[in-house]
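Trainee: Here you go, one structure.
The values are calculated or read from the model by the stated rules, or taken from the named source; none is laboratory data. As the structure is a computational prediction, the values presented were derived from the model and not from experiment. Neighbour counts run over all protein chains shown; Cβ positions are idealised from the backbone, glycine included.
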Amino acid sequence: MSAERFAATIQDALGGPSDRVALAFAGTGALPSAFPVTDLAAGSIAAAGLAIADLVGTAPGVTVDRRLASLWFRTSLRPIGWALPAPWDPVAGDYCTRDGWIRLHTNAPHHRAAAERVLGAQSDRDGMALAVAGWDKAALEAAIVAEGGCAAEMRSIAAWAAHPQGAAVAEEPLVGFDPAAPASTAWRPRPDRPLAGLRVLDLTRVLAGPVATRFLAGYGAEVLRVDPPDWNEPAIEPDVTLGKRCARLDLRRGADRAVFEAMLAGADLLLHGYRPEALDRLGYGAVARRALAPGLIDVRL
């Protein structure tokens, strides 16, 4: 799919393309993939740029540089005089089983512990490869997930399309909307910094959510990222917190809950990317959020 087609598909999902703003693409990109990732990057940024231009109402056109879009999708900073930790755990990655391939995600310590409860403690990829080789991929995926870990049997496009999850995802809209009460905010866009003053509460993890709110921050929104006290992502935090303020709250503590509820009531937009039941278990399901912040724009990834 071309960048133009990606942009049009996203715009259609958001309610239709704007006829008021012209769109152009320039340059080339080189994100290595079997899929058209550079076109996805350019098309996504184009759709977001068109939305910003349409919101402001004064932009004559939007031009997306494919090279810069590719760089933005890969990383947004280059350390000078310091180094980021390795982004991947030493045993994370793809492994060959008896009947195919499986991907193990072990970046989070509890995910690695879950995999090692099934496969035994491993110090390197060679040891993990030997442990995985004796399993069938579907059985290993099920065993690691049952332990609370993260593993995925690698399937062909056709096999994924036939899988119940693949079929369910294919039937979902790219963007789904639920009607809500109109927002009562006094916020208005500014031509020079379109989202200045927009208050965004960011409850997201790697990577789609933080990148989305980073985009909003880049256009002037006041983004506050909230994490639990013990969460740590040293390899990507500098990249995904650009332009944001950061705070830590434990939503199992009464005092922290009071702070969070006050912030939620004062936000224009909430973006969250936790598992569907996570906020519900804390008492902040969709009904509770609407009660605390009527008119809030509530975005779930």
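Trainee: I want to confirm something. Restricting to segment 107-121 and keeping residues that are modelled with pLDDT of 95 or more and either of a type in the set (K, R) or assigned to a loop (DSSP other than H, G, I, E, B) (or both), which single residue is nearest to the chain's Cα centre (by Cα)?
Mentor: Out of the qualifying residues, it is R112.
Trainee: Right, something else. Would you confirm, using the coordinates I've provided, whether V56 is among the aliphatic types (A, V, I, L, M), closer than 29 Å to R190 by Cβ and in contact with a strand residue (DSSP E or B) (Cβ under 9 Å, 6 or more places away or on another chain)? Steps first, please.
Mentor: Values: among the aliphatic types (A, V, I, L, M): yes; closer than 29 Å to R190 by Cβ: yes; in contact with a strand residue (DSSP E or B) (Cβ under 9 Å, 6 or more places away or on another chain): no.
No: the conditions fail for V56.
Trainee: Additional query: If I filter segment 145-159 for residues that are part of a helix (DSSP H, G or I), among the charged types (D, E, K, R), surrounded by 13 or more Cβ atoms within 10 Å (Cβ to Cβ) and in contact (Cβ under 8 Å) with a residue 12 or more places away in the chain, do I get at least one hit? Spell out the reasoning first.
Mentor: Initial filter on segment 145-159 (part of a helix (DSSP H, G or I)): 145-146, 157-159.
Imposing the further condition that a residue be among the charged types (D, E, K, R) reduces the set to none.
No, segment 145-159 has no match at all.
Trainee: Can you find even one residue in segment 252-268 that is within 13 Å of the chain's Cα centre (by Cα) and touching a residue at least 12 places away in the same chain (Cβ under 8 Å)?
Mentor: Going through segment 252-268, the residues within 13 Å of the chain's Cα centre (by Cα) turn out to be none.
No: segment 252-268 contains no residue that is within 13 Å of the chain's Cα centre (by Cα) and touching a residue at least 12 places away in the same chain (Cβ under 8 Å).
Trainee: Please verify whether segment 136-143 includes one or more residues that are assigned to a loop (DSSP other than H, G, I, E, B) and not assigned by TED's automatic domain parsing to the domain that holds R289. Give the derivation first.
Mentor: First, pick out the residues of segment 136-143 that are assigned to a loop (DSSP other than H, G, I, E, B): 136.
Those still in the list that are not assigned by TED's automatic domain parsing to the domain that holds R289 too: 136.
Within segment 136-143, one or more residues are assigned to a loop (DSSP other than H, G, I, E, B) and not assigned by TED's automatic domain parsing to the domain that holds R289.
Trainee: Only one of G148, G166 is under 26 Å from the mean Cα position of the chain (by Cα) and within 30 Å of L224 (Cα to Cα); which?
Mentor: Details: G166 fails: within 30 Å of L224 (Cα to Cα).
Just one listed residue meets the conditions, G148.
Yes or no, residue by residue, for (1) part of a loop (DSSP other than H, G, I, E, B); (2) in contact with a helix residue (DSSP H, G or I) (Cβ under 8 Å, 6 or more places away or on another chain); (3) without any contact (Cβ under 8 Å) to a residue 24 or more places away in the chain:
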residue	(1), (2), (3)
L55	no, no, no
T63	no, no, no
F73	no, yes, no
L77	yes, yes, no
W82	yes, no, yes
A86	yes, no, no
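Trainee: Moving on. It is to be established whether one or more residues within segment 24-39 are over 23 Å from the mean Cα position of the chain (by Cα) and crowded, with 16+ Cβ neighbours inside 10 Å. It would help to see each step written out before you state the result.
Mentor: Step one: list which residues in segment 24-39 are over 23 Å from the mean Cα position of the chain (by Cα), which gives 24-28.
Narrowing further to those that are crowded, with 16+ Cβ neighbours inside 10 Å: 25.
Yes, the conditions are met somewhere in segment 24-39.
Trainee: Within the set of pairs 6+ apart or on separate chains, which have a first residue in segment 223-245 that is free of Cβ contacts under 8 Å to residues at least 60 places away in the same chain and in the same structural domain as A255 (by TED's automatic domain parsing), a second that is part of a strand (DSSP E or B) and of a type in the set (G, A, S), and C-beta atoms under 8 Å apart?
Mentor: Note: pairs meeting the criteria are L224/A247; R225/A247; V226/A247; D227/A247.
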